[in-house]
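What follows is one structure encoded as structure tokens, with my remarks underneath.
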Amino acid sequence: MTLIKSISGIRGTIGGKAGDNLTPLDVVKFTAAYAAFIEKYRQEKEKKIVVGRDARPSGEMIHRLVVGALNGMGFDVVDIGMATTPTTEIAVVEENAAGGIIITASHNPKHWNALKLLNSDGEFLNAEEGQQILNIAEAEDFIFSPVDELGKTISKSYLQKHIQHILSLDLVDVDAIKKANLKVAVDAVNSVGGIAVPELLYALGIKEVFKLHCSPHGNFSHNPEPLPQHLTELATLMKSSHADVGFAVDPDVDRLVIYCENGEPFGEEYTLVAVADYVLQHKPGNTVSNLSSTRALRDITEARGGKYYAAAVGEVNVVAKMKEVNAVIGGEGNGGVIYPASHYGRDALVGIALFLTYLAKSGKKVSELRASYPTYYIVKQKVELTPDMDVDAILEAVKEKFKDQEITDIDGVKIDFPDKWVHLRKSNTEPIIRIYSEAQSVEEAENIAKQIMEMIKEFK
């Protein structure tokens, strides 16, 4: 079965049997359930929904189904066409819309697609809201509108509004970027970033942009998750073009990966670290990332006089914690930058503008900036679960064994040692326990992960 129904939306592979894959019937059912939920809690917001999509081959088909289902539920649709996830989030607020749907499967391969669901603040739904939509879909508890009450559709483009919004941010300095005369390489994996990232760069005053996979046809030229093993062409381009910095984004442009001038990866965990360091120099305050993100963010936050907070894994959880502690910057270690002065959503475009400003003002090379931060190494492991394994008992046993260390159990169990950490949590989508560990060497990180894995195996 490749249809995954979760509190954050619905995703699956295209084609096949309804209920088992992401078919037209499933798209219409879950869109209608979302519309029924939104109507119940719409309050003063206009009866309209913003819809955007990435460049996947199935995107246009699903887009038509989503728009038609929303119109059939009596909602007007603001169709912003191919658009990044953060662009769609911003459009929801600008339109005073009751919600938004982003048609994207993020970093999944091209035969996947998904519906990401937003509230009227342009933010992802929380767990309770997501569960309500799943319940409505399961019961098919929705009623379509009669002919005189059908919704209408208006098409708009929001990319330039998003770019102008970014240019207006206090910590984005276009003049400094122009004066630095930087050369930039971009790998946009043949999705909407191929339009959005170059347009932003030109607006920031970048004159030389070396484009790689920037044609938005959706037939991804490589695995769309922006990891070093998938970005070898960008590494090569950095050297041949003599670019000062390289940027790679995922298909919906909410994750940002940076490459150094020497073709070496900056490290996806360090995207947020660098941007946060720049922000904290000008606006001291608190920061937030999820439990599986690098300790380097805590280090630089405390060095700048702020306090670091950890949130459960998931963007909605990070955003909730950021609001609670009034964080000035936050995000996730997968290259997700959330800058509240802009909006509460991961935004690679905002990340690019802030990083370029920092780079220009620092006068340093990208590799020199990277060398200025603490070096940690993260190891990611997993243990397959069997039906007889009691995950709760396993987590309790781990907590007991390491009770003398700093323990966080808001999302699985994380053990913080003075010089390393390990985090284990049950996957929401697979029958596995994920084990992430970080230390100042790969060997140390692997050793603590191995110790935990051996404990888990004792429960088999």
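Each reported figure results from applying straightforward, stated rules to the coordinates on display, with no laboratory input. Since we're looking at a predicted model, the values are computed, not measured. Cβ atoms come from the backbone with ideal geometry, glycine included; neighbour counts cover every protein chain shown.
Of note:
- Extension gain for Ser367 to Lys161 (0.36 nm times residue separation, less C-alpha to C-alpha distance): 70.9 nm.
- Taking the alpha carbon gyration tensor of the chain, multiplying each eigenvalue by 5 and rooting it gives semi-axes of 34, 30, 20 Å, largest first.
- Radius 11 Å from Cβ of Arg64, net charge of other residues (Lys, Arg +1; Asp, Glu -1): -1
- Neighbour net charge for Ile378 - beta-carbon separation under 11 angstrom, K R +1, D E -1: -1
- Near Pro86: Cβ cut-off under 9 Å, other residues only, Lys/Arg at +1 and Asp/Glu at -1. The net charge is -3.
- Placing a label point 7 Å from the Cα of Asp299 along the Cα-to-Cβ direction, the residues of the range 270-284 with a backbone N closer than 19 Å are 270-281.
- Segments 101-109, 444-452 sorted - mean Cβ within 10 Å per residue, highest first: 101-109, 444-452
- Taking the average, over residues, of other Cβ atoms within 10 Å as the packing measure, peptides 167-179, 192-204 rank 192-204, 167-179 from highest down.
- Estimated inter-spin distance, Gln131 and Glu46, nm [label 7 Å along Cα→Cβ]: 3.4
- Space enclosed by the convex hull of the alpha-carbon atoms of the range 3-157, per residue, Å³: 99
- Counted over the range 1-144, the DSSP beta bridges are approximately 50% antiparallel.
- A Förster radius of 56 Å combined with the Cβ-Cβ distance from Glu39 to Lys457 puts the calculated FRET efficiency at roughly 0.65.
- Between Leu25 and Thr386, the modelled label-to-label distance comes to 3.7 nm, taking each label 7 Å out from Cα in the direction of the beta carbon.
- Taking Leu182, Leu354 and counting other C-beta atoms within 10 Å, the order from fewest to most: Leu182, Leu354
- Restricting the range 1-66 to trypsin sites (Lys or Arg not before Pro) in coil, as DSSP defines it, with at most 13 other Cβ within 10 Å: Lys17
- Here the Karplus curve 6.51 cos²θ - 1.76 cosθ + 1.60, taken at θ = phi - 60°, turns the phi angles of the range 386-395 into couplings of 10, x, 8, 7, 9, 4, 4, 5, 4, 5 Hz, with x standing for Gly and Pro.
- Pairs exceeding a 20 Å alpha-carbon distance, out of Lys5/Lys414; Lys48/Lys156; Lys161/Lys183; Lys321/Lys401; Lys211/Lys380; Lys178/Lys283: Lys5/Lys414; Lys161/Lys183; Lys321/Lys401; Lys211/Lys380; Lys178/Lys283.
- Mean Cβ neighbour count within 10 Å, used as a protection proxy, ranking 402-411, 218-227 highest first: 218-227, 402-411
- For the range 285-335, applying the loop criterion from DSSP together with a ceiling of 14 other beta carbons within 10 Å to the trypsin sites (Lys or Arg not before Pro) yields Lys307.
- Taking other C-beta atoms within 10 angstrom as a stand-in for reagent exposure, Ile352, Ile378 fall in the order Ile378, Ile352, fewest first.
- Sorting Cys260, Cys214 by the number of Cβ atoms found within 10 Å of their own Cβ, with the fewest placed first, yields Cys214, Cys260.
- For the pair Lys399 and Ala341, a Förster radius of 41 Å applied to the C-beta separation gives a FRET efficiency near 0.60, rounded to the nearest 0.05.
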